[in-house]
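See below for the structure under consideration.
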């Protein structure tokens with residue numbers, strides 16, 4: 001019922017948002033007489049803010065073309081390499097003038113994006129930094145409300161199998177980068193490949209801000225998952241997709257609920273951000289206005305998660321701690337990180353991360369006991385929060401160069 005009420009609210013807000021946008025333009029366009037009236041800037045700014053609060057947010061594009069390689073602009077084309085019911089494997093194919101898709105010495109990198117409420121485009125800055133020096137692929141997860149129920153369920157085990165398939169497709173010289181949530185299924189996939197002596201095992205794995213062992217310095221996000229029994233999540237946050245979407249009757253954890261949770265974690269920060277946006281509109285500060293729009297166009301574009309995958313994650317990762325305890329079985333086979341020997345490991349944490357606490361990602365080193373110490377590395381990024389690990393100035397200037405050098409050292 002809640003999902004249906006949300007859809008009804010969206011239908012009500014859409015025309016209001018369109019009207020607010022039109023009114024804002026009426027008071028801001030140089031061709032409108034109303035833009036020259038007293039307080040026109042404030043009126044236009046108020047209606048623009050109303051428009052953005054009420055508008056629907058669709059999936060943004062990556063928009064990464066062109067990239068710059070050795071001082072030259074190189075066009076980038078997105079190609080779908082593998083198309084599965086819940087995920088597409090995208091390739092950012094660089095078009096060099098000599099017809100090559102990649103330079104001989106450029107390592108192949110698979111970026112495993114989170115399936116945790118936002119689109120893979122949240123990692124746009126991550127991919128943008130990688131492109132000049134790497135041949136980049138990314139997991140582009142599909143909104144569960146768009147997947148017909150006839151395509152079947154999607155469990156955490158399926159996630160592990162998807163990652164394994166993608167690594168095999170790109171291996172054995174691929175380097176895997178996982179950001180936040182996927183660090184757990186990625187470590188599981190690579191562990192199982194090592195156990196089975198899979199020749200396509202990756203050269204390296206870089207894990208950034210992920211919940212490998214949430215018993216270490218648990219955050220508020222971790223605490224919520226342990227305070228409530230699994231039945232509470234099943235009864236309170238799982239809903240059926242309404243008939244207005246292709247995934248009609250599929251059980252999901254709706255994106256709008258997760259978005260509400262994100263906002264509730266820092267309500268003052270978001271309120272101040274919108275107030276600053278209003279003031280920037282009044283002042284005509286276009287640079288800050290565009291920065292705000294870009295961030296919230298991404299932040300407000302959310303996706304639904306398959307219910308079975310979400311509940312598996314709550315149980316296995318946050319309640320049972322099955323990975324660090326050595327009790328996780330995928331399709332009947334135990335996940336054994338100690339079997340990994342040939343894949344190098346780099347873990348990265350943000351000093352100010354309030355989603356994945358300090359030490360949670362670093363715990364991977366204790367589990368991967370058979371990797372030589374010379375092929376293990378850890379970095380704690382000073383004054384960096386969760387999102388700063390993979391986007392923003394510190395990502396580009398501090399963290400990315402470390403990843404680039406680590407990958408080059410393990411080709």
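Couple of notes before you dig in:
- The helices (runs of 4 or more DSSP H) found wholly in the range 252-369 and carrying at least 2 residues that are modelled with pLDDT under 95 and outside the structural domain of residue 145 (by TED's automatic domain parsing) occupy 255-265, 267-283, 286-299.
- Within the range 43-62, the set of residues being in contact with a strand residue (DSSP E or B) (Cβ under 8 Å, 6 or more places away or on another chain) and either closer than 18 Å to residue 15 by Cα or in the same structural domain as residue 145 (by TED's automatic domain parsing) (or both) comprises 57 only.
For every residue, the table says whether it meets (1) in a strand (DSSP E or B); (2) farther than 30 Å from residue 97 by Cα; (3) modelled with pLDDT under 90; (4) touching a helix residue (DSSP H, G or I) at 6+ places or on another chain (Cβ under 9 Å).
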residue	(1), (2), (3), (4)
41	no, yes, no, yes
45	no, yes, no, yes
48	no, yes, no, yes
64	no, no, no, yes
68	yes, no, no, yes
79	yes, no, no, no
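- Residue check for residue 65: outside the structural domain of residue 95 (by TED's automatic domain parsing), surrounded by 10 or more Cβ atoms within 10 Å (Cβ to Cβ), within 31 Å of the chain's Cα centre (by Cα) and farther than 14 Å from residue 277 by Cβ: yes
- Only residues that are closer than 30 Å to residue 85 by Cβ and in contact (Cβ under 8 Å) with a residue 12 or more places away in the chain were counted across the range 243-280, and they come to 17.
- In the range 381-403, the residues that are in contact with a helix residue (DSSP H, G or I) (Cβ under 6 Å, 6 or more places away or on another chain) and either at positive phi or assigned to a helix (DSSP H, G or I) (or both): 388, 394, 396, 400
- When residue 214 is tested against (1) outside any helix (DSSP H, G or I); (2) at pLDDT 95 or above; (3) farther than 30 Å from residue 6 by Cβ, just one condition goes unmet, and that condition is (3).
- The single condition among (1) touching a residue at least 40 places away in the same chain (Cβ under 8 Å); (2) part of a strand (DSSP E or B); (3) not assigned by TED's automatic domain parsing to the domain that holds residue 133 that residue 73 does not satisfy is (1).
- Condition met for residue 288 (in contact with a helix residue (DSSP H, G or I) (Cβ under 8 Å, 6 or more places away or on another chain), within 22 Å of residue 1 (Cα to Cα) and surrounded by 14 or more Cβ atoms within 10 Å (Cβ to Cβ)): no
- If the condition is being touching a helix residue (DSSP H, G or I) at 6+ places or on another chain (Cβ under 9 Å) and loosely packed, with under 15 Cβ neighbours inside 10 Å, then the range 292-308 contributes 293, 295.
- Where residue 16 falls short, out of the listed (1) within 21 Å of the chain's Cα centre (by Cα); (2) surrounded by fewer than 19 Cβ atoms within 10 Å (Cβ to Cβ): (1)
- Within this structure, residue 214 fails the test of being assigned by TED's automatic domain parsing to the domain that holds residue 115, crowded, with 18+ Cβ neighbours inside 10 Å and over 23 Å from residue 335 (Cβ atoms).
- Criterion violated by residue 54 - all others in (1) surrounded by fewer than 16 Cβ atoms within 10 Å (Cβ to Cβ); (2) closer than 21 Å to residue 118 by Cα; (3) at pLDDT below 90 satisfied: (1)
The values are calculated or read from the model by the stated rules, or taken from the named source; none is laboratory data. Nothing here was measured: the structure is a model prediction, and the numbers come from that model. Don't worry about glycine lacking a Cβ; one is built from the backbone with ideal geometry, like all the others, and counts go over all protein chains shown.
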